[in-house]
1. Which one is nearest to the chain's Cα centre (by Cα), of the residues in region 13-32 that are modelled with pLDDT of 90 or more and open to solvent by 50 Å² or more (accessible area, probe 1.4 Å)?
2. Please find, among ALA26, ALA10, the residue that is at negative phi, in contact with a strand residue (DSSP E or B) (Cβ under 9 Å, 6 or more places away or on another chain), in contact (Cβ under 8 Å) with a residue 40 or more places away in the chain and among the small types (Gly, Ala, Ser).
3. Of all residues being polar (S, T, N, Q) and touching a strand residue (DSSP E or B) at 6+ places or on another chain (Cβ under 8 Å) in region 33-70, which is modelled with the lowest pLDDT? Just the residue, please.
4. Which residues, taken from region 33-45, are under 17 Å from VAL73 (Cα atoms) and either loosely packed, with under 10 Cβ neighbours inside 10 Å or not acidic (Asp, Glu) (or both)?
Amino acid sequence: PIPEDGQVVAVKVRSTRPPVPARVFAGGAAGQATVILDDAETGVSPGQACVFYDGTRVLGGGWIRQTRSLREVAAAA
């Protein structure tokens, strides 16, 4: 299970790019998660895969359903 304060992971949203630091949180519905990247990543779009890693070990992943920029997150706060 994912801790309430999230789990530190590395994620890949493009197969040709290296994994980037992020934190994953359990979603509201079963099988869903929220991923917050430590730094902005260009070209992240719904329909792409997002894979979670601990080093070289694959922890899981899924399909991106929605994205929000840092600007959108700040405006909603």
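The values are calculated or read from the model by the stated rules, or taken from the named source; none is laboratory data. Bear in mind the structure is a predicted one, so any value in this text is a computation, not a measurement. All Cβ positions, even for glycine, are placed from backbone atoms using ideal geometry, and neighbour counts span all protein chains on display. The area values use the complete protein model at the heavy-atom level, side chains included, leaving out ligands, DNA and RNA. Shrake-Rupley method; radii C 1.70, N 1.55, O 1.52, S 1.80 Å.
1. ARG23
2. ALA10
3. That would be THR34.
4. Once the filter is applied, which keeps residues that are under 17 Å from VAL73 (Cα atoms) and either loosely packed, with under 10 Cβ neighbours inside 10 Å or not acidic (Asp, Glu) (or both), region 33-45 yields ALA33, THR34, VAL35, ILE36, LEU37, ASP39, ALA40, THR42, VAL44, SER45.
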